[in-house]
Structures are given as C-alpha cells and as structure tokens.
Amino acid sequence: MKRIAVLGAGAWGTALAAVLSGRHAVTLWARDAAQAEAIARERRNRRYLPEVELPAPLTVTSRWPESAELLLAATPVAGLREVSAKAGGAPLIWLCKGFESGSGLLPHQIVAEVLGARAVCGALSGPSFALEVARGLPCALTLASRNATFTRAAAEMLHGGRLRVYYSDDVTGVEVGGAVKNVMAIAVGIADGLGLGQNARAALITRGLAEITRLGVALGGKAQTFMGLAGAGDLILTATGDLSRNRRVGLELARGRPLSQILGALGHVAEGVHSAREVLRLAARQRVEMPITQAVNAVLDGRLAPAQAVERLLARDAKEESRVSPRRKSRVAARPRTPPRRRRSRG
C-alpha cells in the first residue's frame, strides 16, 4: 500500500481517487477549502461527480499532502504549472490533456520548465470517462515516462481491479494523442449534430487520426503510439461517447448555439476548445496539413457556420490516402549527429 495524493477534485481526479483508495492510502486534494469540506462530509462530489458515493477510506482535504509517495495531477492544463511547483521531490504523474494557452507547450514541457528535465514524472492518458471509472467499469490506460524504472513501478502501483495500466516511453506521442483528439471530437460532434450520418462520422474519425499522427510524428512521437490506447482508443471514445464534453460542444455548435452559452452550460472544462488554436499554430510551425483542425477553428472563431465548414472539407481535391512512416519521424525529430572523432595513427 502506497501513499498517493490526487491533486484536483474535478470529475476525473475524484473518480481515480475513489478507485485507487481500495488498494492504497489515497488523499484527494481540493484547492477550495469549502469544496473539500463538503465532499468529505457528504462523501459525494456534488459539483463534478454527483452520481457516485465516495468510499470511506478516501481522505479529502484542502491541505497540501506533504507525505505522499506519488502525486497525480488531475487539474486542467492551465493549473499544471502551479501544482508542479508545489510537488517538491515527489514523483509526479499528470492526467490533463491539452496544450498550455499562449505558449503551446505540452504538459511534459511545462513540468520540465518548473521541475527540471531530470524530474521523475510521467503522463497518464487513454480512453476514460470519469463516471464509468468511478462506477468500477473496466478501463485501460497508458502511462508514459522517459524513466523506464519509474514507469514500470508506477504502472504496477496503479494497475489493479478493473483498471488496467500499460506503459510506454513515448511521452510526446501519448500527450499529443490525448490533446488533439479533443479537437477531432468537436468536429465529429458537429457532423453528428448536422445529421450527416455514420459514414461521415467514420470518415472524420479516420482522417482525424491521420491528422493527429502527422502532427505527433512531426513533434517527435512514435507512429505506433497513435494506433494504441492514447491515440485511436481515446479518439474513438471521445468522438462517439455521450459523456464526451468536446463532442457535446460540437453537437451544440451544429444546433446554432453560441460558444459562450455552450461553455457556460457545460460546467466542466472542454479542453478541445482551448487546444484547437494551439494545435493549428503548431501545425503551421511544423508544416503539417490539418484541414479538420482548420475547420474546427473557423467554427469556434465564428468565421464559418458549421455547415459551411463541412462543405469546405467536402470540396477538397481527391488525393492519395497517405501513411506516416517511421522514416519520416526520424528525419523530422532526429538531432544532427556529432561527426565521429578521427583515430590517430600510431605510425
């Protein structure tokens, strides 16, 4: 049994804390003291996860968990920098998916700026609706870290019951998959809201995965990562599941509701709305073509109506269905090699 602290009492943080409390000594930390007291007293997170009663062993507090052996940051990307600064020397795993607004940094880059490149840390991602996890339904996730020893030990610590945890060394690929799929889920929601049918949905998911892979490989991720849980798995769930906030944003946009009203009624963070602009900037910087992302941005910015954005996508020229090869990744991501030293002749 390990001492684990989950930082952030949103839906996902609450769900994971509840599940892990059956096997570990878990503390759920909430920034707001009143919220922490209410959750601890009622054994229920009324705001973010009202459907699930929390297990008795779970501790809920607004006091920083100083003695934790592992920290799980369950804040949005916007809050990751702040909680990372408080981590001290404890190993840190983040659950957020997206890019930092303004800087366009991925979560591991934020943590590296705060804690340094040698910090023991990693990203946990994959297809996971908080409500289903909290109810004990099966779920499979990927834990990615560049520290192989830590990755395996942390995966074994979190793995158990109906929560299955795989591990990987591709932090960039896992993070890009988790971030960009939210943008694609908005696109699929728009198509479904316009009644374009299941053929269109399948096409958007498939071509959306191609966009995610192109950008991820250009940024240094591995192509095979996007065929796994953190890529295709997370995209399929978020683009088709009724519990998806990003899909819901797309559905409401297709019905003609203003974005501000949609976000106000949502009550939760829809990371795809915040990430869409950063994804487009990164794509332009890497010279990666992402037409679906462009269309979503045009709708979010009010430059195109949802139906107009779809028509533009349909009007694109026919082209070969391309594949991303590992060779392309190595050309983009590899650093220049240092010339080998010449051996001195011994005469």
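The values are calculated or read from the model by the stated rules, or taken from the named source; none is laboratory data. Note that the coordinates shown come from a computational prediction; the quantities given were computed from them, not determined experimentally. Here Cβ is always computed from backbone atoms with ideal geometry, including for glycine, and neighbour counts include all displayed protein chains. Areas reflect the complete protein model, heavy atoms only, side chains present, ligands, DNA and RNA absent. Shrake-Rupley method; radii C 1.70, N 1.55, O 1.52, S 1.80 Å.
Here are the numbers for the structure shown:
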read-out	value
Extension reserve of the Arg43-Arg31 stretch, reckoned as 0.36 nm per residue once the Cα distance is removed	2.6 nm
Within the accessible area of segment 192-251 (1.4 Å probe), percent carbon and sulfur	56 percent
Karplus 3J(HN,Hα) series, Hz, for segment 124-141 with 6.51 cos²θ - 1.76 cosθ + 1.60 (x for Gly, Pro)	10, 8, x, x, 7, 8, 4, 4, 5, 5, 4, 7, x, 7, x, 8, 10, 10
Residues whose placed amide H lies under 5 Å from that of Arg44, excluding near-sequence neighbours	Leu54
For Leu141, residues with placed amide H under 5 Å, excluding near neighbours	Arg164, Val165, Tyr166
Residues Ala318 and Gln261, FRET efficiency given R0 of 41 Å [Cβ-Cβ distance, rounded to 0.05]	0.60
Segment Thr149-Asp301, length gained on full extension (0.36 nm per residue, minus Cα span)	50.3 nm
Computed magnitude of the charge dipole of segment 1-95 (debye, nearest 20; Cβ of K, R +1, Cβ of D, E -1)	40 debye
Long-range amide H partners of Leu28 with built H, under 5 Å	Val6, Thr59, Val60, Thr61
Rough spin-label spacing in nm, given labels placed 7 Å along Cα→Cβ, for Glu66 and Ala112	3.3 nm
Cut-off 17 Å (backbone N to label point 7 Å along Cα→Cβ of Lys2), residues of segment 100-128	119-125
Separation of alpha-carbon centers, segment 97-128 and segment 158-193, rounded to whole Å	15 Å
Reachable lysines, given that their alpha-carbon falls under 24 Å from the alpha-carbon of Lys86 and they are not under 8 places away in the same chain	Lys2, Lys97
Protein accessible area in segment 40-98, 1.4 Å probe - carbon and sulfur %	48 percent
The chain - accessible surface per residue (Å², probe 1.4 Å)	51 Å²
Kyte-Doolittle mean at least -0.5 and Cα axial length at least 20 Å: DSSP H helices in the chain	171-193, 197-218, 271-286
Unit charges on C-beta of K, R, D, E only; dipole of the chain, Debye	1700 debye
Antiparallel bridges, percent of DSSP beta bridges restricted to segment 104-241 (to nearest 5)	40 percent
Neighbour cut-off at most 11 other Cβ (10 Å), DSSP loop, chymotrypsin sites (Phe, Trp or Tyr not before Pro), segment 31-127	none
